[in-house]
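Asker: The following block contains the structure, expressed as C-alpha cells.
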Amino acid sequence: MGVAAGRPVCVFDKDKKLIATYSSIAEAAKKMGMNKSNIDTQCRHLNKAPPKFGFYFRFKDEVDEKGFVE
C-alpha cells in the first residue's frame, strides 16, 4: 500500500475544525514535520484510534463530498 500521490489533504484539530489544506500527503508531512505513512493511515481510515499528535487527516475530496468522517 503506497502513499497517495498528489491527492489533497485536509488537516483538522482535535475539535474537528479545519486548520489547513495541503496539495498532498507529502506536503502535509513536510510542513507539519510528520511521517507520511501516519497521515496516509488516517486518510484511509485504517486507524480508528484517536490521533497521536492531536490532528486528524482526511482526503479533501472525501471532506468535500461528506464533510468530516470519523
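The values are calculated or read from the model by the stated rules, or taken from the named source; none is laboratory data. All figures in this text were calculated on a predicted structure; none of them were measured in a lab. Methodologically, a virtual Cβ is constructed for each residue, glycine included, from the backbone with ideal geometry; neighbour enumeration extends over all protein chains shown. Side chains are part of the model used for accessible areas, which takes the heavy atoms of the whole protein and leaves out ligands, DNA and RNA. Shrake-Rupley method; radii C 1.70, N 1.55, O 1.52, S 1.80 Å.
Asker: Considering only the stretch 34-59, state which residues are at pLDDT 90 or above, outside any helix (DSSP H, G or I), among the basic types (Lys, Arg) and open to solvent by 40 Å² or more (accessible area, probe 1.4 Å).
Answerer: 44 - this is the single residue of the stretch 34-59 that is at pLDDT 90 or above, outside any helix (DSSP H, G or I), among the basic types (Lys, Arg) and open to solvent by 40 Å² or more (accessible area, probe 1.4 Å).
Asker: Suppose we filter the stretch 4-18 for residues that are surrounded by 11 or more Cβ atoms within 10 Å (Cβ to Cβ) and either closer than 16 Å to residue 62 by Cβ or at pLDDT 95 or above (or both); how many remain? Before you say what the answer is, go through the steps one by one.
Answerer: Within the stretch 4-18, the subset surrounded by 11 or more Cβ atoms within 10 Å (Cβ to Cβ) is 4, 7-14, 16, 18.
Next, from what is left, pick out any that are either closer than 16 Å to residue 62 by Cβ or at pLDDT 95 or above (or both): 4, 7-12, 16, 18.
Qualifying residue count for the region: 9.
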